[in-house]
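Working notes for the structure below.
The values are calculated or read from the model by the stated rules, or taken from the named source; none is laboratory data. Quick caveat, the model's predicted, so the values are computed rather than measured. Here Cβ is always computed from backbone atoms with ideal geometry, including for glycine, and neighbour counts include all displayed protein chains. Protein only, heavy atoms only, side chains kept; ligands, DNA and RNA dropped before computing areas. Shrake-Rupley method; radii C 1.70, N 1.55, O 1.52, S 1.80 Å.
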Amino acid sequence: MSLAIETPTRSNAGRLARRALRNTGVVVGGGLLLVIVLVAVFAPLIAHADPTAQNLAARLLPPFWMDRSVPEHFLGTDHLGRDYFARLVYGARVSLGVGLGVAAVGGLIGVTLGLFAGYFGGWVDMVISFVITTRLALPIVLVALAAVALGGASLTTLVLVLGLLLWDRFAVVTRAATQSLANRDFVAGSRAIGRAEIGVLFGEILPNLRGAVIVVATLEVANAILLEAALSFLGLGVRPPTPSWGLMIAEGRENILFDPWLIALPGSCLCVLVLAVNLLGDGLRDITGPVTR
Amino acid sequence: MLGFVVRRLTVALLVAVAVSWLSFGLIFMAGDPAIAIAGSGGSAADAAAVREAYGFDRPIVVQYLDWVTGVLGGDLGRSVYFNMPVSEIVAARVKVTLLLGFLSFALALLVAVPLGVVAAMFRNSIVDRLALGFAVLGQAIPSFWLGLMLIVVFGVWYGIVPISGTDTWRGYILPVLVLSYYAMPAMMRVTRSGMIDVLDADYVRTARAKGLPGWLVITRHALRNAVLPLISLSAVQLGVLLSGSIVIESVFAVNGMGRLAWESLLRSDLPVVQAIILILALIYVALTTLSDVINALLDPRIRGRRA
């Protein structure tokens, strides 16, 4: 249907894949992320213990490198005697789920707003740009905390609240990219053969924003993971006994004097996950070209 | 220039109004704020008493206008928990947060700019790679976790700094380090990429060709132009630091505005939360407006654009 004048098409996919495999960020970050995703998906096969099963007789057992450790809890147990390895493994599900969920909600809002602002311009652009500016002025941590506190803490509320806050970068990037595409020949051509505005917008422009949107999405996944951890740490995110890494850090804080590994382990997991997502995002930005920069 | 400033101020004013709607409206998210304030242990009579005392039974527009009139006169409402004017409570706590924010910002700037400049001058060298690695790590480490780990190492194991509170200046060391490392990576990257763009520009090559010493080319010609995006980002980062201090203040038990906001949320002291959201948002609006005006002063090309 499209006239395909200077449109980046699928023939580029192979070249892009080859470039991706030569990029350190994509290989290292993507590889790490793949491992973590697999761990999250196959959590029951990897950790045999129930992450929420308490055993007060076996509380605060140390991990394997310390004295007094036992083989069946090789990363020890927490203050309620729950297996720490199982909690860490299942915690990956919470982090990844929140990250992807928030990026999906935020992406849907941001990309839609950005498309309309960039394509129609004029007063539509003015109104949407104003909404973006207003959103940026809100202190995100405090607003999220307040919204979760008032809306009732649950995983769904958390994802919705963060998604409603983290759409601004999607909107800004989509708007700029749409503006630069709106006057290109293939868009004009599509319009000339009588395609409706909405069809042009979603049929011609949107597919060409894929790279840019994916790069922003990785950024926001990382952002959402860190925010979820911070909110859970402050007691206004994921509810116990759900194993969230941020919540585990908060619970370990009581024992910071004698058992700092309770904090060190979930925090390290967070670092590795966010690092992996960021490396992948940086790598993708480098290979997908200037539109996203 | 005057036209630019007027346009920019108008936008800022409109954003401020929108932000005031949002911070006012947020407490109605749960439905009835009277029930939220009365708490889970409160009876229907308690809720009714709160409703009457705070005038929640009036039309919402009337309540908003009443609140805004108060805010414009410096009255931010009354705290439910302390039974004191919110403005007094916030005023007692805001200084610590501002001090923490500005110290962290200054340190971040002091590290980010030289590091970014050097990284750009020696692109792909060891220094550049180390600087980028330092930045990538800073963006991946959750700041509250870094704070706790530093408390473990320097507070518990070595006992060099207090493990909580800011009674002495030593109490500021760790929170400032953590917050500045949180703000630094983005500033370093912007400085670096700005410098890389500028170093390739014709006028820098001309400056070099006419025999100007290297450091003068950097400071007088390159940095001056590379600094524009950094000014915009600085305003954003200062806002980020102030709102990010909510988490850090509770890690280090710093008695600032952020910790006050968190504690107020836990005890459903909604007027305080409302006021702090508004204050933080207005500070952000003021900072970004100021940075836009500074950028327009430095770069005539910006003045012509729509605000």
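As a length-normalised measure over Cα pairs under 8 Å and 6 or more apart, the relative contact order of the stretch A:70-207 settles at 30 percent.
Scaling the Cα radius of gyration of the stretch B:158-254 by the globular reference 2.2 N^0.38 Å produces a ratio of 1.53. For the stretch A:44-177, the direction-averaged projected area of the alpha-carbon convex hull comes to 11.4 nm².
Residues whose amide H falls under 5 Å from that of B:Arg78, counting only those 5 or more places apart or on a different chain, are B:Val86, with hydrogens built in the peptide plane. Once Rg and the Kirkwood radius are both taken over the C-alpha atoms of the stretch A:80-134, their ratio Rg/Rh works out to 1.38.
In summary, the stretch A:142-293 shows an alpha-carbon radius of gyration equal to 1.38 times the 2.2 N^0.38 Å reference for compact globular proteins. Spherically averaged projected area of the convex hull of Cα atoms, the stretch B:230-307: 6.1 nm². Mean sequence separation of contacting Cα pairs (under 8 Å, at least six apart), scaled by the length of chain B, corresponds to a relative contact order of 28 percent. If you line up the long axis of helix B:2-25 against the longest principal axis of chain B, both from Cα atoms, how many degrees apart are they, to the nearest 10? That helix lies at roughly 40 degrees to the long axis. Distance from the C-alpha centroid of the stretch B:116-149 to that of the stretch A:45-96: 33 Å, rounded to the whole angstrom.
Chains A and B together bury roughly 3600 Å² of accessible surface, counting both sides and using a 1.4 Å probe on protein heavy atoms. Residues in the stretch A:59-67 carry Karplus couplings, in order, of 8, 6, 6, x, x, 4, 7, 10, 5 Hz; the curve used is 6.51 cos²θ - 1.76 cosθ + 1.60 with θ = phi - 60°, and Gly or Pro positions show x.
Helical content alone sets the calculated 222 nm signal of chain B at -24500 deg cm²/dmol, taking -39,500 (n - 2.57) per DSSP H segment of four or more residues and averaging over every residue. Across the options A:Leu236, A:Ala40, A:Gly91, the greatest Cα extent toward the positive end of the charge dipole of chain A (unit charges at beta carbon of Lys, Arg, Asp, Glu) belongs to A:Ala40.
So if I take the centroid of the Cα atoms in the stretch A:168-210 and the same for the stretch B:175-191, what is the distance between those two points in Å? Computed from Cα coordinates, the inter-centre distance equals 36 Å. This model, with +1 at the C-beta of Lys and Arg and -1 at the C-beta of Asp and Glu, gives the protein assembly as shown a dipole about its Cα centre of some 2080 debye.
Relative to the compact-globule estimate of 2.2 N^0.38 Å, the Cα radius of gyration of the protein assembly as shown comes out at 1.02.
Around A:Leu100, under 13 Å between beta carbons, what's the net of Lys plus Arg minus Asp minus Glu among the other residues? Before the final figure, lay out the partial values.
Values: positive: A:Arg93; negative: A:Glu220, A:Glu228.
Net local charge, A:Leu100 excluded: -1.
For B:Ala45 and B:Leu65, the FRET efficiency from 1/(1 + (r/R0)^6), where r spans their Cβ atoms and R0 equals 35 Å, is about 0.75. For chain B, the longest principal axis of the Cα atoms and the long axis of helix B:270-298 meet at an angle of about 30 degrees.
Mind pulling the per residue volume of the convex hull built on the Cα atoms of the stretch A:28-98? Å³ is fine. Numbers along the way, then the final one.
Details: hull volume 6.9 nm³, N = 71.
Taking the convex hull of the Cα positions in the stretch A:28-98, it is 98 Å³ per residue.
Only one residue of A:Val200, A:Gly107, A:Gly267 has its Cα farthest out toward the positive end of the dipole of chain A, where Lys and Arg carry +1 and Asp and Glu -1 on Cβ, and that residue is A:Val200.
In vacuum, with every alpha carbon of the stretch B:1-104 counted as one equal point scatterer, what does the Debye formula give for log10 I(q)/I(0) at q = 0.14, 0.15, 0.21 Å⁻¹? Two decimals, please. Listed by q, the Debye log ratios stand at -0.75, -0.83, -1.22. When +1 charges are put on Lys and Arg Cβ atoms and -1 charges on Asp and Glu Cβ atoms, the dipole computed for the stretch A:181-243 relative to its Cα centre reaches about 80 debye.
Translational diffusion of chain B, estimated by Stokes-Einstein from the Kirkwood radius over alpha carbon pairs at 25 °C in a medium of 0.890 mPa s, is 111 µm² per second. Relative to the Cα centre, the charge distribution of chain A, modelled as +1 at Lys and Arg Cβ and -1 at Asp and Glu Cβ, gives a dipole magnitude of about 740 debye. Summarise the long-distance tail of P(r) for chain A by giving the % of C-alpha pairs beyond 32 Å. So the pairs more than 32 Å apart make up 37 percent of the total in chain A.
For the stretch B:3-156, calculate the relative contact order in percent as a whole number, restricting contacts to Cα pairs under 8 Å that are 6 or more residues apart. It would help to have the intermediate numbers written out before the result.
Working: 54 pairs, mean separation 12.5, N = 154.
Once normalised by length, the contact order is 8 percent.
Extending 7 Å from Cα along the Cβ direction at A:Arg253 and again at A:Ile193 yields two label points whose distance is 6.0 nm. Compared with the dominant principal axis of the Cα atoms in chain A, helix A:84-120 is inclined by about 20°.
Given their separation in residues at 0.36 nm each and the Cα-Cα distance between them, B:Ala209 and B:Ser193 gain 3.5 nm when the chain is fully extended.
Compare the Cα positions of B:Val190, B:Val217, B:Val161 along the charge dipole of the stretch B:92-267 (+1 at Cβ of Lys, Arg; -1 at Cβ of Asp, Glu; about the Cα centre) and return the one farthest towards the positive end. The listed residue farthest towards the positive side: B:Val217.
Work out, in µm²/s and without decimals, the Stokes-Einstein translational diffusion coefficient of the stretch B:92-267 at 25 °C, 0.890 mPa s, Rh from Kirkwood over C-alpha pairs.
140
Separation of the stretch B:70-112 and the stretch B:202-247, taken as the distance between their Cα centroids, equals 30 angstrom.
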